[in-house]
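Take a look at the structure below.
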Protein chains: 2
Amino acid sequence: MLERRKPIWVKEAIDKVMEHKKRGEVETVSIHDCDERYLASPLIADHDVPPFDRSPYDGFALRARDTKNASREHPLLFEVIDEIGAGQVTLKQLGSMEAVRIMTGAQIPEGADCVIMLELVNERNENGRKLIEIKRQLQPGDNLSFQGEDAQKGTELIGKGVQINPGIKALLATFGYSRVKVGKKPTIGIIATGSELLGPEDELEPGKIRDSNGYMLQSQVLRTGALYKRYENCADDLETLYHALKTALEECDIVITTGGVSVGDFDYMPEIYKRLGAKLLFNKIAMRPGSVTSCAEINGQLLFGLSGNPSACYVGFEFFVKPYIRYWMHSELPYNRFVTGELKADFPKPNPFSRFIRGKLSYEEGKIFAEPVGLDKSGVVTSIAWADCLIVLPGGTRGYQKGDQADIILLEDRQGSGVPWQEKKLSKL
Amino acid sequence: MLERRKPIWVKEAIDKVMEHKKRGEVETVSIHDCDERYLASPLIADHDVPPFDRSPYDGFALRARDTKNASREHPLLFEVIDEIGAGQVTLKQLGSMEAVRIMTGAQIPEGADCVIMLELVNERNENGRKLIEIKRQLQPGDNLSFQGEDAQKGTELIGKGVQINPGIKALLATFGYSRVKVGKKPTIGIIATGSELLGPEDELEPGKIRDSNGYMLQSQVLRTGALYKRYENCADDLETLYHALKTALEECDIVITTGGVSVGDFDYMPEIYKRLGAKLLFNKIAMRPGSVTSCAEINGQLLFGLSGNPSACYVGFEFFVKPYIRYWMHSELPYNRFVTGELKADFPKPNPFSRFIRGKLSYEEGKIFAEPVGLDKSGVVTSIAWADCLIVLPGGTRGYQKGDQADIILLEDRQGSGVPWQEKKLSKL
């Protein structure tokens with residue numbers, strides 16, 4: 001009577017999703033609108049940086065060989081023949097015992113081979129001539145930034161697939177990318193199922209609760225950098241659900257449902273998958289929470305069936321939906337980053353499946369720690385709000401103690417990882 | 001002839017900025033638009049969670065005492081008198097040897113005190129009666145989620161000043177916050193000064209470079225969650241700059257300039273501060289890069305004068321502007337988070353001032369490491385793009401070796417800190 005589902009490893013489920021990965025379209029946006037997007041082509045230097053030999057300081061450009069006999073006791077006098085602001089160039093050729101006043105960033109004049117900082121000279125006027133007194137020897141190249149020393153024309157500075165941060169935006173501006181090629185944002189359809197669901201504006205009714213998963217998913221989609229389209233909360237009713245899903249598949253790039261994936265009589269998702277002709281990739285994963293996460297493919301389009309349980313829904317998105325979306329947007333680091341850290345609490349209860357505990361990271365004296373936040377029942381939505389990591393307790397027959405090392409999956413990280421978290425040993429489940 | 005500036009500690013400079021901190025206006029936004037904003041009032045539970053005793057599983061609700069004699073050898077038969085989907089309630093009173101089919105999340109019927117999971121019973125039909133076979137004893141409360149066990153009505157679940165993440169958005173939805181009170185986004189005026197500056201769409205000209213700081217600051221402002229307004233790149237010309245600044249002060253909440261703050265003849269900012277009647281808070285800080293960062297106050301409004309040097313500009317924003325903006329937006333954790341980690345490279349050169357090296361974090365076996373990225377000359381814009389942290393080398397007479405511990409300021413962190421990084425020992429500079 002009850003469908004028996006075969007669980008698969010988290011790693012296998014991620015692989016099955018990513019077998020269907022694809023890069024979304026590329027679009028060209030203004031540099032003003034490129035923040036946090038993923039570069040769809042590498043960032044190449046269109047000129048040397050610096051583009052010319054320049055002064056990193058305010059000071060005077062001169063010839064090092066003229067300072068050979070300068071000392072505190074025997075200062076030498078140079079005549080200031082011109083001054084160059086940033087963005088200006090001098091047409092004068094600098095000769096023996098001559099100097100040019102030069103501002104930070106300005107091009108070194110012809111003939112000069114070093115710069116002395118403004119603070120280190122005395123200036124004076126004599127018979128209408130502007131003079132400076134130099135009290136030390138300089139070497140050719142002193143206080144110069146040489147053409148191309150930061151980056152040479154044609155160099156790939158940032159590879160494609162990297163997310164645009166403030167430093168990369170600065171580079172884009174520097175190298176003339178007034179328009180930037182980035183991965184287009186996919187639209188993610190979000191369907192919260194369950195006739196018990198009310199909206200946030202609704203008064204509570206007996207037996208009902210307000211939908212939280214739909215809103216949480218909106219937020220997760222936005223953080224991932226994609227767009228979402230919400231569909232009305234759908235009753236647990238075969239026809240309504242089927243039509244909502246069909247519409248969402250037509251209107252969106254990727255579709256997520258929450259709820260309706262477990263084995264109860266009122267869960268119509270399996271039947272709907274069948275009607276849509278969808279190919280089921282998996283419907284049970286060896287993990288808690290999130291064991292009833294499912295994914296199906298229909299004509300190359302993915303349909304994620306996340307649990308109606310808030311924590312399971314959250315975790316299902318982070319593990320399976322997020323990397324798929326990030327890859328679509330051209331990210332080279334689509335997975336959540338994970339690290340190793342020390343447990344700050346005991347977890348005595350053994351678990352057959354890998355367990356992901358909502359936790360809080362801390363850093364002490366160069367080391368990483370994690371402790372659980374709040375109750376860790378899967379129905380407890382409050383602890384998701386406080387968590388910034390998932391503590392991984394691998395399935396097995398033993399519990400865990402304070403001080404044990406554990407994998408920790410970062411939830412508030414922006415950077416991502418090129419490889420997903422996975423179980424260390426895969427055997428037959 | 002040259003103005004002599006007195007450097008102050010980073011800590012002092014932050015304090016001087018934050019003496020002028022203020023909370024911006026509060027606005028009410030739709031729950032759909034609240035992501036990443038800061039709560040301006042605490043999130044209070046408007047009802048118990050769960051709002052009623054409910055079933056965390058698909059199964060059957062019954063009376064524990066009726067199972068007293070159940071065993072594998074002597075299964076007991078219960079009659080299924082009703083079924084309740086999520087969001088439904090039964091009007092039937094459950095009696096002796098009766099069960100009600102109940103879906104995940106549904107309210108426990110009157111009379112029942114426990115739930116048995118669907119997978120653990122055999123169902124059968126007999127003469128039109130629906131029966132289940134129970135093979136184990138249950139205790140009152142087994143597999144029940146009790147009313148209020150996650151959160152009780154009236155509890156403050158999230159304090160004000162916390163940034164809205166997906167978990168908090170879920171809580172807002174759960175507790176009926178269809179509209180959310182958040183700190184209003186301030187508008188930050190950005191003025192890049194320097195007659196050498198070209199736009200990203202311009203062809204390079206002799207002696208000139210394209211503006212990168214203005215774009216970098218746009219991106220930093222957006223990441224901080226605020227809005228920006230760009231002003232035309234201003235020539236290093238007193239009148240133009242003065243008028244741009246006056247307009248920006250009228251149109252924006254906070255104003256940032258980049259460039260024009262050092263001591264060269266062409267730097268008009270000091271003169272402009274004077275004309276505006278601005279009170280200078282500081283104009284030199286004991287740090288590299290960023291020593292010529294300045295801040296002035298005029299009628300309660302702050303005017304940040306960041307260096308024209310890209311790295312100094314970047315660091316100046318992170319240390320001084322970001323916390324001021326975040327506080328304005330009602331954040332309780334306005335500063336950049338910092339941790340301790342191990343250096344992965346030598347830094348032999350001693351430095352009189354604290355030095356902030358652009359670096360890359362790594363995590364190995366529970367420990368935090370950091371190493372410098374690229375050349376660390378302050379003019380090198382490429383290394384900002386790759387950095388995810390600043391490695392702090394405190395000023396002093398010695399260099400640093402691989403393996404030394406150092407403070408590390410996180411640049412890609414979303415969470416922030418309630419206290420700023422500061423020098424460990426403050427003496428007279």
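The values are calculated or read from the model by the stated rules, or taken from the named source; none is laboratory data. Being a predicted model, the structure only gives us computed values, none of them experimental. All Cβ positions, even for glycine, are placed from backbone atoms using ideal geometry, and neighbour counts span all protein chains on display.
At a glance:
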| quantity | calculated |
| --- | --- |
| Condition check for A:Ile81: out of contact with any helix residue (DSSP H, G or I) (no Cβ under 6 Å at 6 or more places or on another chain) and surrounded by fewer than 21 Cβ atoms within 10 Å (Cβ to Cβ) | yes |
| Among (1) more than 13 Å from chain B (Cβ to nearest Cβ); (2) without any contact (Cβ under 8 Å) to a residue 60 or more places away in the chain, the one test that A:Met287 misses | (2) |
| Candidate set from the stretch B:140-180 (those that are more than 7 Å from chain A (Cβ to nearest Cβ) and among the β-branched types (Val, Ile, Thr)); member that is farthest from B:Met329 (Cα to Cα) | B:Thr155 |
| Test: residue in the stretch A:358-381 that is aliphatic (A, V, I, L, M), in contact with a strand residue (DSSP E or B) (Cβ under 6 Å, 6 or more places away or on another chain), under 13 Å from A:Val315 (Cβ atoms) and modelled with pLDDT of 90 or more | no |
| Residue selected from the stretch A:109-120 under the condition at pLDDT below 95 and either touching a Pro at 6+ places or on another chain (Cβ under 8 Å) or of a type in the set (A, V, I, L, M) (or both), by the criterion surrounded by the fewest Cβ atoms within 10 Å (Cβ to Cβ) | A:Met117 |
| Subset tally (residues that are part of a strand (DSSP E or B) and of a type in the set (Gly, Ala, Ser)) for the stretch A:146-199 | 4 |
| Close pairs from the stretch A:418-429: first aliphatic (A, V, I, L, M), partner surrounded by 14 or more Cβ atoms within 10 Å (Cβ to Cβ), Cβ under 8 Å, at least 6 apart | A:Val419/A:Tyr335; A:Leu426/A:Trp9; A:Leu426/A:Lys11; A:Leu426/A:Glu12; A:Leu429/A:Pro7; A:Leu429/A:Ile8; A:Leu429/A:Trp9; A:Leu429/A:Ala286 |
| Selection from the stretch B:182-228 of residues that are of a type in the set (Val, Ile, Thr) and within 7 Å of chain A (Cβ to nearest Cβ) | B:Ile209 |
| Some residue of the stretch B:413-420 being part of a strand (DSSP E or B), under 26 Å from the mean Cα position of the chain (by Cα) and within 23 Å of B:Tyr314 (Cα to Cα) | yes |
| Those strands (runs of 3 or more DSSP E) lying entirely in the stretch A:313-404 with at least 1 residues touching an Asp or Glu at 6+ places or on another chain (Cβ under 7 Å), of a type in the set (A, V, I, L, M) and under 26 Å from B:Tyr57 (Cα atoms) | A:354-364, A:389-393 |
| Of residues in the stretch B:284-312 being part of a loop (DSSP other than H, G, I, E, B) and out of contact with any Phe, Trp or Tyr (no Cβ under 9 Å at 6 or more places or on another chain), the one farthest from B:Leu393 (Cα to Cα) | B:Asn299 |
| Output for the stretch B:45-93, where each listed residue is among the small types (Gly, Ala, Ser), within 12 Å of chain A (Cβ to nearest Cβ) and part of a strand (DSSP E or B) | B:Gly59 |
| Unmet requirement for B:Asp113, which otherwise passes all of (1) within 16 Å of B:Val80 (Cα to Cα); (2) within 13 Å of chain A (Cβ to nearest Cβ) | (2) |
| Count of the stretch B:185-221 residues which are within 26 Å of the chain's Cα centre (by Cα) and without any contact (Cβ under 8 Å) to a residue 60 or more places away in the chain | 4 |
